[in-house]
Every structure is written in C-alpha cells, then in structure tokens.
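Read through the structure below, which is laid out as structure tokens, and then see the notes.
The values are calculated or read from the model by the stated rules, or taken from the named source; none is laboratory data. From a predicted model like this one, the values you see are computed outputs, not experimental measurements. Note that we place each Cβ from the backbone using ideal geometry, even for glycine, and neighbour counts take in every protein chain shown. Protein only, heavy atoms only, side chains kept; ligands, DNA and RNA dropped before computing areas. Shrake-Rupley method; radii C 1.70, N 1.55, O 1.52, S 1.80 Å.
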Amino acid sequence: MSAYVLRRLLYAIPILLGVNLLTFVLFFVVNSPDDMARMHLGGKRVTDAAIEQWKVDHGYALPLLFNAQAEGGDKLTETILYQKSLKLFQFQFGQSDSGRDIGYDISQRMWPSLAIAIPTLLVGLLVNITFALLLAFFRATYLDFWGVVICVTMMSISGLFYIIGGQYLVGKLLNLVPISGYDTGWASLKFLVLPVIVGVIGGIGAGTRWYRTLFLEEINKDYVRTARAKGLAEQWVLFGHVFKNALIPILTGVVVVLPLLFTGSLLTESFFGIPGLGSYTIDAINRQDFAIVRAMVFLGAVLYILGLILTDISYTLVDPRVRLE
Amino acid sequence: MPKSQRKTRLLSLAVLLTTLAACTDTAWNNPYPAEQTGENIYYSSFDERPKHLDPARSYSENEWAFISQIYEPPLQYHFLKRPYQLIPQSAVALPEVVAVDAQGTPLPAGADPQTAAFTDYIITVRPDLRYQPHPAFAHNAQGGWRYWPLDDATLSSVNTLNDFPERDTRLATPADFVYQIKRLAFGPNHSPIAGLMAEHIVGFRDFAKASGAAYRELKRETGEADPWLDLRQIDMAGVKVLDGHRYRIRIRGRYPQFIYWLAMNFFAPMPWEADRFYGQPGLAERNITLDWYPVGTGPYYLSENNPNLRMVLARNPHYHREHYPTEGMPGDREAGMLDDAGKTLPFIDRAVYSLEKEAIPRWNKFLQGYYDASGIASDSFDQAIQFGSGGEAGLTPAMRERGIKLNTAVETSIFYTGFNMADPVVGGYTEKARALRRAIAIAVDIEEYISVFTNDRAQAAQGPLPPGIYGYLDGAQGYNPYVYALTDGRPRRRGIAEAKALLAKAGYPNGRDPKTGAPLVLHYDTASAGPGSKAALDWYRKQFAKLGIELVIRATDYNRFQEKMLKGTAQIYTWGWNADYPDPENFLFLLYGPNGKVAYRGENASNYSNPAFDKLFPRMKNLPNGPERLAVIQRMVEIARRDGPWIWGFNPKAFSLHHAWYHNAKPHLMANNTLKYKRVDPQLRAEKRREWNHPVIWPVAVIALVLLISVAPAWIAFRRREREAAR
C-alpha cells in the first residue's frame, strides 16, 4: 500500500503544478498588476508613480510568464510566475499583498471552521443515516413516500433560507442563542449550537435520500434475505448487515470531504459571524490579493488530493476484497 | 424506574428549565460575556476588515472609524457647529499661517498674499500630548530599550502585541509630527496622498528620492527584506522643528485648503521608536506591524485587534484633558446635545466592534439591543421608516415603541452620471452637443431613481456642490435652470417635450439621425454587472428610450471600467465623490481641466475642460469664504450647468438609528473622531436587553412533542411487523 500511496503523491506534483499555472493565468486574465496596485492603493488620488512603486515593492514589476530582457534561465525565473510559485511548494505561503502573513492567518482561521464543520458532519451523518435506515425499513409504505417527499422539499429549499429562518426563529423569536458571533474556548459553544443545527437540518434532505438509495440497493440482496431467514430481527439486519455493506459509498462521500472541512463554509460563516476560512478566498478575490488566492487554491488542491488518497485507503479498511497495489 | 415516575421527573425537569429561563438575569442570546453587562461599553459592528491602520496609508472610511479614535492630527472639526469649523486637537491653537517671499521672509503687512512664494504653517503642539502605553517605549533596568533589539527568545514567544507585557509612554513632540510627514514621502509606505503633497510641501519630492536611495542602500548592506530606515537622519527642506513646542510646514505658493489636510490622520504624530520597534526582523512575519497595531495619543488605543472577529478600543490612560463643547447650534440644547457641556472626554470606557458581514443578523441584533446604533439596509427600511404626508421621514410605531431615535443628514457626497467630453457624439462644447446633453439630463428622471432605488434617501443634485459645502444654495436660489423650471417657487423637472425639442436642436429629431433614419445609439459603461444591478440598468435604458435614444449597456468588471476611464473610451458612465474636506474646491476640482483623467490621470473623469471655468478655479481656490468667493463659485457652477458635463445625479441622505441609551448622536459628516463625545447609559441598556430577550422555551417542547408523536405510528408499525409471523 505504501508504494501505492507514494505513487499517488508523485502524481500530485504535476496536478499541483497545473493548478498553480491555471490559477495564475485565470487571475491575471482578469486582474493586471496595475489593477491590483490601484485596488491596494485605494480609489482616490492614485498616481502612476505610486502604482509603479507598489509593483516594484510587491514583486509585480516583472513580466508574467517570460522575461525576454533576461539572460539564460533567468528568462523563466525572473518572472512573476516563478517568483511567486517557488515557495508555495515548500508550503511557505509568504505575505498577502496587504502585508499579512498568510500561514499565520490560515492557522488562526481554520479552527473556527473546524469547530462548525466537524460537529455538523458527525451529527449530520448520524441523523441522515438514521432517517435513511428508517425510510428503508418502512420502504414502500406511506411513511417512506412522505419521507421522500419531505426530503425532496428540504433539498429544494436554499441553504440561505435555513440560515435566515434559523436565526429568526431560534435567535430572534425564541431568544435561545445569539444570532451571530463567536468566542474562544468553551464560550464558543453557545455560538456553535445554531450553525450546527442549521447545517444538519439543511443537509437532511439530500443526505437522507442519498443514503436511503444506498440502503435500498443493499436491502434486496441475497445475504439480507439469508439474514432474515436465519431469524435475525430487522434492526439487526439493517445495522449489522445492510449498513455495514453500504459503508463503501458512504465512505466515498465522507472521507473525501474530511480535509476540506478546514476550508469552511462561506455562507454559514458570513451569516453567523464565524471567523473561519470560509470567506478568506472570496474576500481575497474581491480585494485582488493574488498571494492569498494562489495559496488557498493550492491548499484546496492539496487537501482534495489528500482526501482522495484517504478514501482509497479507507476502502481497504471496510472491504477486505479491495487491495491497493 | 416505573413509567409514571419517569414521566413525573421529565415534567419536573421541563418546569425547572422554564422557571430558570424566566428567572435568569442574563439573556441566553447575549453575544457578549455576562460580566460585561452594565459596563460602560459602546457596542458596534463593522462589515469589512480594515486593510490599513497606518495613518500614512489609511484612506478609507471603514479604517478611519478606528484610527481616528487613536491618532490625533493637529486639528479637528467642532462636534456641534455647522457649517463645519476647524478647531485645535493635538495643536494648542489653529496654525499661524505666514505668507513668505522666495527668501523665506514674511511679506510685509498689507501685501497681496497672492504674491507669496511660500506659505508657512506654524503649529504649536500641546504640552500634555502623551502616547498610549506601548512596548516600543519600554526600558529595561539599565535604561536601555526593553524590546530593541529583540532577541530570539523573546521573538519566539510572541504572536501578538499583547505578548509584550512591559509598556511605557512618553510625551509627543514636534519632531514626531515632522517624522510622520517624512513617512508620507517615504516610498515603501505607499501613502495615497504622497503625489498630492509632493506638489505642495517644499522638499517633499527630494526627500522621497533621497530616502528611497538610502533605503535601497540599507537593504543592500543589511540583506534584510524590509529594514528600518531612520528617517530622522534625512532632512525635508519644507518641514522643520522650530523649538521644543513648534514645527513649521512650508508649502509652495498658496494652498488654503491645506489646513483641512491638517485635520486628517495623515498628519498625526508618529514616534520614531514605534517605527523602529515594528521594523525589527521577525515581527512582520507575525503580523506585528505599524499597519496593524497603531500607536497614538488619542482618547483610545486598540486593545484587541482580531479583524476576523472583533476590534476593541480601550480608554487611553494618558489621554490629555479635553472637554465636551459648551456651544452648539440653535436646537442643540433642546435636543440634549449640550447636556454634557464642559464635561471631561471621553465618556465611554471601551468600544467593542464585532465583525458582522451580513445586514440581516446585524439588524436583528440591533433590535435586540446588542448594538447601540445602526444604519438601515434596504431590507429593513420599511420595518424602520415611514414617510409622513409631507414626505418627511419618521420612525414606524414598532421602532418608536422601543425608544429608538432616527437621525438624518444629507451627505457631502455626489453620485453623478457623466458624459465623456472627449467623445465625438456626447462630448464637445458646441450648442448642438450642449443641447443633446441637456435633453438627456431632463429625460433621466433622478427623482424617480431616488424614489425607486434609494428609498427616498437622497436629494436630486442641482450642480456639483452638495449641501453643507460653502457655495451651495438651496431652493429657488440654487436650482439648475437648464433642467428644472420654477413652479410655485419650487424647482420642477422640465417636461419631456422640452427635452425632445432640445434633441431635435441637437440634430436628432425623435432620437433619430435624419441622414440615416437610424435611432441614436449611446453607450453606458458601468462596473455594475451583477444581477442586482439589472433593474437600475433597465431603468436607465427606459429613461433614454423616452427620447427615442437606444442605450446600450456595456457592463464590465471594475478593472476594465477603470481602464476605459483612463483611456477615455467610455461614453456615459456613473461615478461618485465623497468630500475629503468641506470646501467647494474639493468638488469643483472634479471639473478642472488640468485635472482631466485621460491627459493628467486626475479625478476629472469627464475630461471636462472649459477655459473660462479653468481660469476661475485658481481664484476660487485661493479666496477666503465671503461674497467675492461666493460670486466666483456661482459663476463656475453656472458654466458647468450650461455645458452639462454631468447629469448632476443626487446627494445621498444618511439615515441612522440609535437606542434611547445612546447619547450625543449628532451626525457629523466630516469628522471620524466622534466616539469620544458619545455617551451610553449601561443600566438602561441592561434593563432593555433583559426585557427584550426573555428566552421562550415552550415552542421547543412543542416541537419535541410533535416529533415524538409523529414517530409513534412508525414505532407501532415496527413493533407490529416484528411480532408478525413469517409469511
């Protein structure tokens, strides 16, 4: 398995190079270094000299991809692409264009994101699987029918509605928890309750339907019939056999998102005032802060690749037939 | 445990919880720590993290909301008097302004100040001006600097400024003011006003060159990426410390508006020790920079800086004596604005600003009493405001019931739709071109726009000057006769028939080119490309269609829009300007030819250039306020109205709400340092919060019950199925 993992990690290098190049090209198609300078210097009284000075100080005075004025290898290395990408592969994100240390910012902001994402994922999984098993148990009855109808309805409602509705009902009408905000340590608990509840409820529709489909696929297989035939109670059939065998597709969905939990959720964090990573990238795009955009896209790609490798490994744990070679 | 006993226990628990909820002293939904209840704290929010807190760099309203409470430039605006009046802040008095000749000798009494080669501003610094406690001032037992140079052990243990426990202070000196002016010129600081100040302050440009060269040399010598350069070692010819209390700024010729810049944070004192402290290697990597941790003499200092969550200002223990004004405007006393007259400032101990990106939670928390004041987003406008029969804005009964108060003020800003005067169709200075622009200006019904898109929170502009700026005239005296006609003593927009006649005069009868018969096609360039802008863009199209003109919208992103404006390829566009200072020069310069965007990279986005206007501009700029200046301003406004380079657009009205416990909330559109005048009544706030935020538990119990009941049939069915025999 270690050879497989090593091979996958080596595959990641060209992927990350490609992601980096693509981010670079897409960003600079929309924003020129002059635009970035103008944005950072402010809207008023910006002179050409100030723009040039900003570009020199922030390393954007070089050509983007190819330096025709330079000699030899410098034609490629004396460029914005090379200068700005080199340290990225050593996970040194450097400073943002407004002067903040990106690595430090990420390390500070990922914890609040995780504080919401992990309980939402775990509680959501528990709730969704329970509901899905319940619907599978009552398959082809009025409970199953109306359960699916409710799931489809819940899926069709925008996530924003759950957030605003939850804040209005729980925070404003019932006055049970703060509408938004955050604190450190145990004091953060009262701020996490509502976003976690909203996150779980918002995911019930899609999650339950998806798991119900997986369970129904398993429930008609021969080994389930055998289990029933030997007199097992239905709950043991469901939890002991159906659930276990439906774990592979469940794992596919869950393990792949684990590393991405760091990156947070834009809407939830914006509305609940959680100082996580959710809005870090979008704020940077709006501020034309290439250093942050590049770092976050790179980090996202690394985490996604990591998630896929973890998924593959997890297959071997739940299904002995799978071997990574 | 028997079933009945279990039920009784559950019931008891529910009753206990409900009773606890009813009796609790602290609301469950309080986002602040319980121990803050009843403290003298001001609660507010911000929706965007500030980019810069360095007074040399910061030039945005959202940044000044913080640093104006921390830094103290020499002057400030009187809190209550209108029109806006400058008074001393970190200076003892207003600057002594001396006109001098080329040799630096003061002009004799009675000499024409226009002949001055230079003007000196001599400023005396308050003797009791002391900095906030800061590690940069701390000394060790041997009398050396405690935190300079930093050793590796200290450096490895710090993450924020609060990790430097030892702090000290010192008096601010004239040298600190001079040091800050040098920082404005120092290139790596990227001061947004460096270009402007280089035109006025003697020696500014030379200092920028000399300091730049010295910095490059220092970098080469030390090998550091961003070493600290001691700017004290390089002189700036026009800025000089005169003695222990005074310093002088010498500017070229005359620039009367310079005094307003002295009321901005750019000119606040900066201790060189702080600059050196933050310049040490290793601190920038920890985000400990002057751009992030200010060092000022103002009433507050930044005690917590976490812009992803909250910013907290705390009272500066070394703040000098300052008192609430004893004079105001008529009506101020009745409004309670002079209740605190003569009392020592500031009133509030701490100000907590929470990051609140979305308007809905911000509004709801204001209604719950967790923010002391609030603006009004368009989503909440109808909930908060209703208009009386005379069109006056008032609060809805629900707001009045909560004791909420409303303040309105017309902002010293203008949003206008401009024509590119270099464009062959809409530009130019011929009678035909003027007629075309005038026809469009009549057809574009700004009053309708204000009503539909701004909730009536604006007033139609009659020229380049907004209310509150010297030279603005109200009502029949100040209306634009080319677009409005007086009816019953009030200006009314001219009819569309008149606009059509003007269009025919311009050579486009019914909006068509008589030669080809094709409709006149104009292009509107905008950076508003999102779905939210569609309604407004459709509205623009409709306005032009009234004249038979086809308006093509060229929506793009802001970068491309800026590029078009810089190249002069836009035809019609919308832009705005917010006053830097309350002088007509700050608006009329938007139409001054030598300030054209294409030719000079200035702020005259329409590239308007009328020799008569341009000739009057320097005169207007240099005259003191009075009948002569007013006459010149009116002539300039008339020239601009006649040429019509802008559809004059509108001046927005600021609507703000505050709770009954928040006092001295008089709107001030020029000053940002007004926190020191504000007062809160924490007891009343605590009472109201308790009253408004009782936890309501019974619906939760009902929901739980409903869920249980709905699960019951499933459980029964399950049990039945379990008991069934196999078939």
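Quick notes on this structure:
- Kirkwood-based shape ratio for region A:122-237, expressed as Rg/Rh from alpha carbons: 1.12
- Under a Gaussian network description of chain A, with springs only between Cα atoms under 10 Å, the residue in A:Asp105, A:Asp222, A:Asp283 that fluctuates furthest is A:Asp222.
- GNM remark for chain A: springs join alpha carbons under 10 Å apart, and the peak mean-square fluctuation among A:Ala229, A:Ala206, A:Ala187 falls on A:Ala229.
- Debye intensity ratio in log₁₀ form over the Cα atoms of region B:413-654, taken at each q of 0.14 Å⁻¹: -0.93
- P(r) tail fraction, region B:661-706 - alpha-carbon pairs more than 14 Å apart, %: 68
- Modelled FRET efficiency - R0 35 Å, B:Arg721 with A:Leu169, Cβ distances, 0.05 increments: 0.45
- Anisotropy class of region A:2-90 from Cα gyration tensor, a/c 1.5 cut: prolate
- Over 20 Å [Cα-Cα, region B:391-455], rounded percent: 54
- Calculated from backbone phi, Karplus (6.51, -1.76, 1.60) coupling profile of region B:648-664 in Hz, x at Gly/Pro: 5, x, 8, 9, x, 10, 8, 10, 9, 10, 8, 7, 5, 8, 9, 10, 6
- Over 30 Å between alpha carbons, listed pairs B:Lys51/B:Lys653; B:Lys182/B:Lys564; B:Lys357/B:Lys567: B:Lys182/B:Lys564; B:Lys357/B:Lys567
- Each 10 Å bin from zero holds the following percent of Cα-Cα pairs in chain B: 2, 11, 19, 21, 19, 13, 7, 4, 2, 1, 0, 0.
- Chain A: angle of helix A:142-156 to the longest principal axis, Cα-based, in degrees nearest 10: 10
- Where a label projected 7 Å from the Cα of B:Leu171 along Cα→Cβ would reach, residues of region B:218-260 with amide N under 17 Å: B:241-247
- Kirkwood radius and radius of gyration were both taken over the C-alpha atoms of chain A, and their ratio Rg/Rh is 1.07.
- Ellipticity at 222 nm from helices only: DSSP H runs of n ≥ 4 in chain B, each -39500 (n - 2.57), divided by the residue count, give -9500 deg cm²/dmol.
- The simple Förster model, with R0 at 60 Å and r as the Cβ-Cβ distance, assigns B:Arg276 and B:Met329 a FRET efficiency of 0.85.
- On a per residue basis, chain A carries 48 Å² of accessible surface, using protein heavy atoms and a 1.4 Å probe.
- With q set to 0.09 Å⁻¹, the log10 of I(q)/I(0) for the protein assembly as shown, from the Debye formula over equal scatterers at the Cα positions, is -1.23.
- Cα-based helix-to-principal-axis angle, A:290-318 vs chain A, degrees rounded to 10: 30
- Across region A:169-215, the convex hull enclosing all Cα atoms gives 93 Å³ per residue.
- Reduction of at least 10 Å² in accessible surface, 1.4 Å probe, comparing all protein chains with the chain by itself, residues of region A:74-103: A:Gln95, A:Ser98, A:Gly99, A:Arg100, A:Asp101
- Estimated inter-spin distance, A:Thr77 and B:Arg402, nm [label 7 Å along Cα→Cβ]: 6.3
- Spin-label zone in region B:64-83 - amide nitrogen under 16 Å from a point set 7 Å from the Cα of B:Asp47 along the C-beta vector: B:65
- Where Cα atoms sit under 20 Å apart: lysine pairs in chain A separated by 8 or more or lying on different chains: 10
- Viscosity 1.567 mPa s, temperature 4 °C, Stokes-Einstein D of region B:53-284 from Kirkwood C-alpha radius, µm²/s: 68
- FRET efficiency estimate (nearest 0.05) - Cβ-Cβ, B:Asp235 to A:Gln90, R0 45 angstrom: 0.55
- Cα-based Rg and Dmax for region A:226-325, where Dmax is the largest Cα-Cα distance (Å): 20.1, 65
- Cα point-scatterer Debye curve for region B:513-594, base-10 log of I(q)/I(0) at q = 0.12, 0.20 Å⁻¹: -0.50, -1.01
- Accessible surface of B:Glu61 - all protein chains present, 1.4 Å probe, nearest 10 Å²: 130
- Within region B:331-353, backbone nitrogen closer than 13 Å to the virtual label 7 Å beyond the Cα of B:Leu684 toward Cβ: B:336-337, B:339-340
- In Hz, Karplus ³J(HN,Hα) per residue of region B:481-495 (6.51, -1.76, 1.60; θ = phi - 60°; x = Gly, Pro): x, 7, 10, 10, 10, 7, 10, 6, x, 10, x, 10, 4, 5, x
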